[in-house]
Amino acid sequence: MRDTSYPLAQTAIDGAHVHGYADVSLLLPNAPDPTRFDVTAFSPSEAGASGALVTTAADIARFYRALLQGRLLPPDLLRRMLTDTVPTHGIAPPAVAYGLGVYVYATGCGRAYGHGGSALGYLTFALNSRDGRNQLVAHTNWNSFADTGIDQDFWTAFQRGYCGKPG
């Protein structure tokens with residue numbers, strides 16, 4: 001992965017990057033526009049392993065290709081990762097199952113594997129076919145502490161892109 005880092009206290013991101021905006025009215029009630037506050041300069045280190053990576057869509061796709069094509073784990077561990085799953089029961093919509101670090105999604109074109117991640121102001125989401133050849137990774141703005149899942153409109157558009165169906 002060429003463009004991925006785990007910044008500790010760094011608050012600046014090198015090179016071109018997306019800006020994250022969030023509704024921070026609960027944290028900063030006196031901000032000029034608390035419903036659209038640029039959080040890009042906040043250090044992601046506060047999220048620890050749950051969201052402190054700074055990366056690109058290309059690196060996420062590269063990681064999943066290597067994982068799903070068997071270049072990172074022995075075959076038995078990869079099989080277990082994808083099949084030893086438990087139902088999510090709406091805990092992580094739109095995933096239907098989770099196991100050993102990978103979510104399973106039911107899409108309009110079959111099962112997909114991946115994961116999402118969020119930090120204040122950001123949401124990243126990845127879908128991958130079992131062989132890692134069909135992929136879609138997107139970064140988008142995540143604007144609220146109250147968001148508990150992926151917006152249905154985003155999921156519908158994301159599925160269309162992943163499945164190659166016109167909008």
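The values are calculated or read from the model by the stated rules, or taken from the named source; none is laboratory data. Quick caveat, the model's predicted, so the values are computed rather than measured. For accessibility, only protein heavy atoms count, side chains too; no ligands or nucleic acids. Shrake-Rupley method; radii C 1.70, N 1.55, O 1.52, S 1.80 Å.
Compute the accessible area per residue over the chain, keeping the other protein chains in place, probe 1.4 Å, unit Å².
That works out to 58 Å² per residue.
Across the range 3-10, coupling constants 3J(HN,Hα) worked out from phi with the 6.51/-1.76/1.60 Karplus curve, θ = phi - 60°, read 10, 10, 9, 10, x, 8, 10, 5 Hz, and Gly and Pro carry x. Which entry in (i) 16.8, 54; (ii) 31.5, 106; (iii) 21.8, 70 matches Rg and Dmax of the Cα atoms in Å derived from the coordinates of this structure? Here Rg and Dmax of the Cα atoms in Å agrees with entry (i).
Here the Karplus curve 6.51 cos²θ - 1.76 cosθ + 1.60, taken at θ = phi - 60°, turns the phi angles of the range 12-20 into couplings of 10, 9, 6, x, 5, 7, 7, 9, x Hz, with x standing for Gly and Pro. What a 1.4 Å probe finds exposed on the chain is 57% carbon and sulfur by accessible area, rounded to a whole percent.
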